[in-house]
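Enquirer: So that we are looking at the same thing, I have put the structure below in structure tokens.
The values are calculated or read from the model by the stated rules, or taken from the named source; none is laboratory data. Since the structure is predicted, the reported quantities are computational estimates derived from the model, not experimental observations. Using ideal geometry, Cβ is built from the backbone for each residue, glycine included, and neighbour counts are taken over all protein chains shown. Note: accessible area is taken over every heavy atom of the protein model, side chains too, but ligands, DNA and RNA are not part of it. Shrake-Rupley method; radii C 1.70, N 1.55, O 1.52, S 1.80 Å.
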Amino acid sequence: MLQGASAGLAAGGLYAVIAVCLTLMARLVRVVNFSQVAIGMFAAYLAVIFAEQHLPQWAATAAGVCVGAVVSGLIGWIIAQWLPEAGIGARSAVSVASLLLLVSLSFILFGSKPKTFKSLLPGPAFSMGNVVVTQVTVVMVALALAVAVGCHVLLTKSKIGTKLRALSERPTTAELLGVPAKGLSIAVWAGTGLISAAAVSIVAPTQTNDPISLSFIIVPASAAALLGGFRRLDLAVVGGLALGMLQGALAQFEQMSVLRYWVPFLIIVVFLLWAERKEVWDVAR
Amino acid sequence: MSELILDDVSVSRGSGPVVSGVSLVVKPGSLLTLVGPNGAGKTSLLESISGIVSTSKGNMSLDGVPLGKLSRIKRSRLGLVHVEQGRTVFPSLTVQENLELTAKSPTGVDEALELFPELQKRRSSASGLLSGGEQQMVVLARAFAARPKYLLIDEMSLGLAPVVFLRLLPIIRHIADSGVGILMVEQFAQLALKIADEAIVVTGGRVTYGGPAEPLMTDPALLHRAYLGMAEV
Ligand SMILES: Nc1ncnc2c1ncn2[C@@H]1O[C@H](COP(=O)(O)OP(=O)(O)O)[C@@H](O)[C@H]1O
Ligand SMILES: [Mg+2]
């Protein structure tokens, strides 16, 4: 069971990184980005193609990640250009469209056969007792923590972070004061695109690898982001790691292994019910 | 030509025309007070100057530069600052951070805080936690720190105790005296007219009085007629 939890930790790290990106997107550019993982999936597939052109694996991965960032920035540009004043619903709908577009584009470009991803980080890092911890796990957990801490410091301690927070609280007022709303939101899109592409590229070799199942990692990641109310980075990280470990542990037991697909769903339902109750309580006060 | 000029400006919103053929001039260093009843189109007029809504007719220029279809950011770079209705602090940002957003130099925040010494000790408080009056001071200081050439102020008095509003008025006058052209909108005329050089009254989207502020203060009947749209312009 411990081995299962440890194995699930790599996926948990991915959920955590994506959950942090989703939280940043919701707070800073008012989008629930359903295409967050699909952008990473696209980058990981591109890396396979680049590697087939005899590029070294690290260069292929880096190139894929860069294209992922550009694609993400492009979606951000479209939203900033055409829907600057739209509500979060309409803006998020664009990200659903992007998700579908990226998945179908992947089938066209890369064919429908699952690709074999070459791992950049093969093998175990260390073992404790009889629990083996892989390099991918170590890197993913470290990446999740680094991204969350880095983004927190950027938001609270830098000039650009102050501008981003101002923009998220009062977009119109910020613009009237000369904060470049469009440029900054495209930068947020490109930055989160880069981070999620890197994370997916590291974990993809250890996960299911057809475009659709890879892209739908967005579901457990959203469940983790929901734990932090799409506002708190720390809870998003904790939620992502815990969810990954729980799923890993459940997968160890034959009878319960289907349950793990239900866990994110259960979390989402329970959270929504709880939020509903809390609102009722607030109104009653 | 260093003036902010509106020539025959009209604005339409979902509900139809809300500003019809308004012309006015704001000169550097002078304070123009715009008064009018609720729903007269005062806010819509300011929003068209700063680029929040677009005009349906007429021309605007700032120091000779046509505003036309310029974005809000470009207008702000020309030296236009719009203090919106309501107390528009960024609530989770501290007082210091609110001012840093617009400060043009490292000493800009300190210079802006000299206007309101009472804010000094609240520098590192989240501005959302301040009182209404203090928040309005932050908003004014933030506008001042941007070193505007022209300042649009919308209903500063809204929701403030009169004593607090009276504290803010001399500061607004002081900002004008430092060379900034100010267009100040107020629903409650008497106090706002006291510090004004000139005044216009807008009712139903049209200018019903334009000229010196003095007569409106000394002759309440004139103000009353202007509010009813009966004064001769
Ligand atoms: N966002 C909006 N959409 C549609 N109509 C609006 C909007 N804002 C204001 N209006 C209408 O425009 C008219 C003028 O409003 P406003 O400019 O806010 O006047 P004032 O600031 O003088 O009270 C009102 O009839 C109001 O109902
Ligand atoms: Mg108004």
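Enquirer: Could I have the simple spin-label model distance between B:Ser15 and A:Ala90, label points 7 Å from Cα toward Cβ, reported in nm to one decimal?
Expert: With each label point 7 Å from Cα toward Cβ, the separation is 2.1 nm.
Enquirer: For the protein assembly as shown, give me the percentage of DSSP beta bridges that are antiparallel, rounded to the nearest 5 percent. The partial results should precede the final answer.
Expert: Working: 25 of 43 bridges.
If we restrict to bridges inside the protein assembly as shown, about 60 percent are antiparallel.
Enquirer: What FRET efficiency comes out for the pair B:Arg173/B:Ser124, r = Cβ-Cβ distance, R0 = 25 Å, nearest 0.05? Spell out each step's value before the answer.
Expert: Details: r = 30 Å, r/R0 = 1.18.
My answer for the efficiency is 0.25.
Enquirer: Would you please give the residues with an amide H less than 5 Å from that of B:Leu34, counting only those at least 5 places away or on a separate chain, with H modeled from the backbone geometry?
Expert: B:Met184, B:Val185, B:Glu186, B:Ile200
Enquirer: Once you sort the root eigenvalues of the Cα gyration tensor of chain A as a ≥ b ≥ c, which label holds: rounded (a/c under 1.5), prolate (a/b larger than b/c) or oblate (the other case)? Don't skip to the answer; put the middle values down first.
Expert: On the way: a/c = 1.68, a/b = 1.21, b/c = 1.39.
It comes out oblate by the Cα gyration axes.
Enquirer: A follow-up question, please. Using just the helices of the protein assembly as shown, give the 222 nm mean residue ellipticity in deg cm²/dmol: DSSP H runs with n ≥ 4 each add -39,500 (n - 2.57), and the total is spread over all residues, rounded to 500. Walk me through the intermediate numbers first.
Expert: Details: 21 runs with 290 residues, N = 518.
Here the helix-only value at 222 nm equals -18000 deg cm²/dmol.
Enquirer: Which length gain, in nm to one decimal place, applies between A:Phe265 and A:Ser158 when the Cα-Cα distance is subtracted from 0.36 nm times their residue separation? Could the numbers behind the result be given before it?
Expert: Working: separation 107, 0.36 × 107 = 38.52 nm, distance 3.69 nm.
That works out to 34.8 nm of additional length.
Enquirer: Find the relative contact order for the range A:178-285 and round it to a whole percent, using C-alpha pairs within less than 8 Å whose residues are 6+ positions apart. List each step's numbers first, then the result.
Expert: Working: 51 pairs, mean separation 18.2, N = 108.
With pairs under 8 Å counted, the relative contact order is 17 percent.
Enquirer: Now a separate question. Give me the residues in the range A:170-196 whose solvent-accessible area, probe 1.4 Å, is reduced by at least 30 Å² once all protein chains are included instead of the chain isolated.
Expert: A:Arg170, A:Thr172, A:Thr173, A:Glu175, A:Leu176, A:Leu177, A:Gly178
Enquirer: Now a separate question. Mind grabbing the interface size between A and B? I mean buried accessible area, both sides, 1.4 Å probe, in Å² to the nearest hundred.
Expert: Details: alone 14480 and 10380 Å², together 23090 Å².
Rounded to the nearest hundred, the buried surface is 1800 Å².
Enquirer: Looking at the range B:123-233, send over the antiparallel percent of its DSSP beta bridges, to the nearest 5.
Expert: On the way: 6 of 11 bridges.
Bridges in the range B:123-233 that DSSP calls antiparallel: roughly 55 percent.
Enquirer: Also: For A:Ala59 and B:His224, what does the FRET efficiency come to when R0 = 60 Å and r is the distance between their Cβ atoms, rounded to the nearest 0.05? Before the final figure, lay out the partial values.
Expert: Values: r = 78 Å, r/R0 = 1.31.
The formula returns an efficiency of 0.15 here.
Enquirer: What are the DSSP H helices in chain A that stretch 24 Å or more along their long axis, judged by alpha-carbon atoms, and whose average Kyte-Doolittle hydropathy comes to at least -1.0? Don't jump to the answer; show the numbers that get you there.
Expert: Values: long enough: A:2-29 (39 Å, 1.59); A:36-52 (25 Å, 1.71); A:57-82 (38 Å, 1.33); A:88-110 (32 Å, 2.02); A:135-157 (32 Å, 1.90); A:181-203 (33 Å, 1.54); A:233-251 (27 Å, 1.67); A:262-284 (33 Å, 1.19).
The answer, listed by residue number, is A:2-29, A:36-52, A:57-82, A:88-110, A:135-157, A:181-203, A:233-251, A:262-284.
Enquirer: Could you list the residues of the range A:63-90 with an amide nitrogen less than 20 Å from a label point located 7 Å from the Cα of A:Ser104 in the Cα-to-C-beta direction?
Expert: Those under the cut-off are A:71-72, A:74-76, A:78-79.
Enquirer: If contacts are Cα pairs under 8 angstrom and at least 6 residues apart, what is the relative contact order of the range B:87-147 in percent? Write down the numbers at each step before the final one.
Expert: Numbers: 86 pairs, mean separation 32.3, N = 61.
After rounding, I find 53 percent.
Enquirer: Let me ask you something else. Just subtract the alpha-carbon distance of A:Gln207 and A:Ala142 from 0.36 nm times their residue separation and send over the number in nm, one decimal. Please report the intermediate quantities before stating the final value.
Expert: Details: separation 65, 0.36 × 65 = 23.40 nm, distance 1.85 nm.
Net length gain for the segment: 21.5 nm.
Enquirer: Order A:218-228, A:128-138, B:17-27 from most to least packed using the mean count of other Cβ atoms within 10 Å.
Expert: Numbers: A:218-228: 24.6, A:128-138: 15.9, B:17-27: 19.4.
Put in order of decreasing packing, that is A:218-228, B:17-27, A:128-138.
Enquirer: If a paramagnetic tag sat 7 Å from the Cα of B:Met217 along the Cα-Cβ line, which residues of the range B:143-181 would have the backbone N under 16 Å from that point?
Expert: B:166-174, B:176-177
Enquirer: Per residue, what accessible area does the protein assembly as shown have, given a 1.4 Å probe and all protein chains present, in Å²? Please list the in-between numbers first.
Expert: On the way: 23090 Å² over 518 residues.
With the other protein chains kept in place, the protein assembly as shown gives 45 Å² per residue.
Enquirer: A:Val149: accessible area at probe 1.4 Å, nearest 10 Å²?
Expert: Counting only protein heavy atoms, A:Val149 exposes about 90 Å² to solvent.
Enquirer: A further question on this structure: List residues of the range A:243-273, by number, whose backbone nitrogen lies under 20 Å from a label position 7 Å along Cα→C-beta of A:Arg231.
Expert: Residues A:268-273 qualify, since their backbone N sits under 20 Å from the label point.
Enquirer: Taking only C-alpha pairs under 8 Å that are 6+ residues apart, what is the relative contact order of chain B in percent?
Expert: On the way: 483 pairs, mean separation 62.1, N = 233.
Over chain B, the number comes to 27 percent.
Enquirer: Let me confirm one metric for peptide B:86-97, namely the mean number of other chain beta-carbon atoms within 10 Å of its residues' beta-carbons.
Expert: 4
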